[in-house]
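This report refers to the structure that appears directly beneath it.
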Amino acid sequence: MALSASHILGAREAAREVLEEVGLDNYLFTVDPREAGWELKVEHPVSEGWQTVTLPVDRDLLLASRTDRGARRLLAQHWRERIRR
């Protein structure tokens, strides 16, 4: 499937919504398409400074999370486990 600008913008907005559910106060992030799927890179403050976490992301699940609360909760749970706060 060819990626359009609207897919990329939708993925970015979906990731922002999921990160809000994760509960980070401050963060920077990018969502990038990769050959094997999408990648989320999150930078956030920790007691020692800043931490960068890179996570693989299922594109379809991420896009679905914009309208599917269950998908958003599933992603938030997975990301919360991987992101040390």
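Kindly express, to the nearest 10 degrees and within the range 0 to 90, the angle between helix 69-82's C-alpha long axis and the longest C-alpha principal axis of the chain. Here the helix axis deviates by roughly 40 degrees.
Mean residue ellipticity at 222 nm from the helices of the chain, using -39,500 (n - 2.57) per DSSP H segment of n ≥ 4 over the full residue count, to the nearest 500 deg cm²/dmol?
For the chain, the value works out to -14000 deg cm²/dmol.
Tell me, what % of the accessible area of the chain is carbon and sulfur with a 1.4 angstrom probe?
Using a 1.4 Å probe with all protein chains present, the chain comes out at 48 percent carbon and sulfur.
The mean accessible area for residues of the chain, using a 1.4 Å probe and ignoring ligands and nucleic acids, is 62 Å² per residue. Per the Debye calculation on the range 36-83 with a single equal scatterer at every Cα and no solvent contribution, log₁₀ I(q)/I(0) for q = 0.23, 0.25 Å⁻¹ amounts to -0.85, -0.94. Put one equal scatterer on each alpha carbon of the range 1-46, apply the Debye formula with no solvent term, and list log10 I(q)/I(0) at q = 0.34 1/Å to two decimals. The computed values of log10 I(q)/I(0) come out as -1.31.
When Rg and the Kirkwood radius Rh are both evaluated on Cα atoms of the chain, their ratio Rg/Rh stands at 0.96. Note on the chain: dipole from Cβ charges, positive end direction compared against L3, G70, V46; the farthest Cα belongs to G70. In the chain, the longest principal axis of the Cα atoms and the axis of helix 5-22 are about 40 degrees apart.
Charge dipole of the chain (Cα centre as origin; +1 on each Lys and Arg Cβ, -1 on each Asp and Glu Cβ, all else neutral): 140 debye, rounded to the nearest 20. For the range 6-85, averaging the sequence separation of C-alpha pairs within contact (under 8 Å, six or more residues apart) and dividing by the residue count gives a relative contact order of 30 percent. Sequentially through the range 48-55, phi angles give Karplus couplings (6.51, -1.76, 1.60; θ = phi - 60°) of 8, x, 10, 10, 10, 10, 10, 10 Hz, Gly and Pro residues having no value and appearing as x.
The values are calculated or read from the model by the stated rules, or taken from the named source; none is laboratory data. No experiment lies behind these values; they were computed from the predicted model shown. All Cβ positions, even for glycine, are placed from backbone atoms using ideal geometry, and neighbour counts span all protein chains on display. What goes into the accessible areas is simple: the full protein's heavy atoms, side chains included, and nothing from ligands, DNA or RNA. Shrake-Rupley method; radii C 1.70, N 1.55, O 1.52, S 1.80 Å.
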